[in-house]
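Just below is one structure, and these are the notes that go with it.
Values in this text are rule-based calculations from the coordinates and carry no lab data. Quick caveat: nothing in here was measured; it's all calculated off a predicted structure. For neighbour counting, all protein chains shown are included, and Cβ atoms are generated from backbone atoms with ideal geometry for every residue, glycine included.
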Amino acid sequence: MVNSSQIPKLPLPPSLVGSEVGSFTEFTVTQRMPAIARRVIVENNFSIEINTRLESLATELSTGYLPPLLNDTGADFSAWDTYLESYKGQRWIDVPWFFAETYFYRLILEITHYFPPGIWQAVDPFQLQKFQGLEASIDSTILLCTQVNNWLDDSQIDGTSNQTALIALLYFALWGNRVDLSLWSAFEDDRSRFDIQNQLAHVLVNDVSKISKLLTNSQGGRIDFILDNAGFELVCDLCLVDFLLSSNLANQVYLHLKPHPTFVSDAMIKDVHNTISFLGGTNHQQVTSFAQRLEKHISLGRLVLSENYFWTSPLAFWEIPNSLKNELANASLIIVKGDANYRRLLGDRHWNITTSIADIVCYLPAPMVALRTLKSEIAVGLKSEVVEEVAKSDHSWLTNGQWGVIQFVA
């Protein structure tokens with residue numbers, strides 16, 4: 001049951017759905033999601049029976065109806081039974097898009113026997129893509145770890161450098177899914193210079209100075225990250241986490257992770273451990289020292305890895321269970337990463353683009369910042385003149401991941 005005080009103050013607009021002709025939502029349900037199911041077939045050695053079921057799922061998405069969840073042994077099975085009640089007998093394209101996507105990924109797990117009875121090891125159907133993301137970004141990782149180590153050395157000499165480092169690391173956390181070194185200075189002889197100016201024009205709402213001030217003045221409180229992707233993006237997030245803990249700007253950091261694979265690359269607890277192991281196994285001193293610090297933060301209980309089935313549910317953020325909301329209340333700042341988490345914050349609904357984000361996200365128990373690159377046709381808190389300007393220069397600005405927001409709600 002949702003506490004009515006948690007719901008946004010404004011009337012709720014309609015949900016995004018796949019039947020909106022010509023929309024990115026329609027394209028996702030009818031084209032992108034079938035391609036994802038078929039890529040699972042290609043990248044894994046599943047049985048013919050599993051591959052046949054995955055192909056059936058891919059084929060049914062554009063015109064078919066939601067199938068029931070069969071009786072697997074997942075801990076969230078009964079919860080999904082409840083979520084599905086409202087949508088029985090409906091087509092994939094007619095149910096809310098956020099529901100369709102989260103259920104699609106949950107079905108992939110059922111089809112691939114991710115929750116098997118007995119002692120068999122669960123297979124992450126997206127593991128190959130996660131590992132390839134780490135491997136492909138090793139040059140960027142070396143550069144970033146070197147820079148973090150330099151910033152930490154500087155912060156011990158001069159505390160005023162914290163602000164500069166934090167602002168840069170917040171930008172990395174925002175743009176972390178870019179692995180093409182575009183974040184770095186164009187000067188080949190000085191790759192340590194972070195090219196912030198080049199990125200600023202693509203940040204449509206920029207509350208970064210408010211965040212860095214709050215973090216430098218928080219006197220070592222607790223910061224909670226609601227994480228998005230594994231791969232280089234997770235490395236960027238862990239660099240920010242490490243800087244906060246190693247410079248004592250935070251006493252403790254909680255990472256809120258997915259309890260099972262979803263949205264292809266979303267980070268789980270095992271992905272954090274795998275990432276640290278991968279970094280620790282490189283032959284690069286700057287990277288291994290970073291990995292060792294992360295291990296130490298975890299062993300001391302300063303870095304806590306947490307999972308909750310709410311993060312893989314189809315629920316809006318204001319439907320957060322009280323137990324999880326009470327946990328988040330211990331934070332001095334909640335950092336919400338990525339497009340899917342942003343959609344959850346807004347209930348994945350057709351809000352007016354100029355609506356104040358604070359009027360919607362009024363239900364969290366602590367200050368929040370959303371770090372989000374735009375990859376869906378939903379956004380709030382933008383000025384109409386900014387929207388007009390960016391729409392002239394880039395017709396697909398809402399969905400191509402080239403534009404971002406850093407939005408703070410006190």
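At q = 0.31 Å⁻¹ the log10 of I(q)/I(0) for segment 274-319 amounts to -1.05, computed by Debye summation with a single uniform scatterer per C-alpha, solvent ignored. Summary of packing: across the peptides 233-242, 13-22, the per-residue average of other C-beta atoms within 10 Å ranks them, highest first, as 233-242, 13-22. Restriction of the trypsin sites (Lys or Arg not before Pro) in segment 1-76 to DSSP coil positions whose beta-carbon has at most 11 other beta-carbons within 10 angstrom yields Lys9. Take 73-83, 100-110 and order them by the average number of nearby Cβ atoms within 10 Å per residue, most first; the result is 100-110, 73-83.
For the listed peptides 262-271, 42-51, a ranking on the average number of other beta carbons within 10 Å per residue, highest first, reads 262-271, 42-51. Measure nothing fancy, just the Cα-based angle from helix 138-157's long axis to the longest principal axis of the chain, in degrees from 0 to 90, nearest 10. Helix 138-157 sits roughly 40 degrees off the main axis of the chain. For segment 101-110, 3J(HN,Hα) computed residue by residue from phi via the Karplus equation (6.51, -1.76, 1.60; θ = phi - 60°) reads 5, 5, 6, 4, 5, 5, 5, 4, 5, 5 Hz, glycine and proline entered as x.
Choose one answer from Ser161, Ser212, Ser137: the residue with the largest mean-square fluctuation in a GNM of the chain with alpha-carbon springs under 10 Å. Greatest mean-square fluctuation among the candidates belongs to Ser161. Multiplying the residue separation of Lys88 and Ala136 by 0.36 nm and subtracting their alpha-carbon distance yields 13.1 nm. Rounded to 0.05, the FRET efficiency of the Gln292 and Asn400 pair, given R0 = 35 Å and the Cβ-Cβ distance, is 0.40. Please work out the Cα center distance from segment 379-398 to segment 282-306, rounded to the nearest Å. Distance between centres, Cα-based: 40 Å.
Taking the fewest neighbouring Cβ atoms within 10 Å as the starting point, the ordered list for Thr146, Thr288 is Thr288, Thr146.
Between Asn71 and Asp153, what FRET efficiency follows from the Cβ-Cβ distance if R0 is 60 Å, with the result rounded to 0.05? It comes out at approximately 0.60. Extension gain for the segment Cys362 to Phe27, taken as residue separation times 0.36 nm less the Cα-Cα distance, is 117.5 nm to one decimal. Look at Trp318, Trp92, Trp403 and count the other Cβ atoms within 10 Å of each Cβ; fewest to most, that gives Trp403, Trp318, Trp92. Against the chain, whose longest principal axis comes from its Cα atoms, helix 127-136 is set at around 30 degrees. For segment 341-351, backbone phi angles converted through the Karplus equation (6.51, -1.76, 1.60; θ = phi - 60°) give residue-by-residue couplings of 5, 5, 4, 5, 4, 9, x, 6, 10, 7, 6 Hz, Gly and Pro being listed as x. Structure note, pairs Lys130/Lys270; Lys213/Lys270; Lys296/Lys337: Cα-Cα distances above 22 angstrom occur for Lys213/Lys270; Lys296/Lys337. Given their separation in residues at 0.36 nm each and the Cα-Cα distance between them, Ala122 and Glu307 gain 64.9 nm when the chain is fully extended.
Converting the Cα gyration tensor eigenvalues of the chain into ellipsoid dimensions via √(5λ) gives semi-axes, longest first, of 33, 25, 21 Å.
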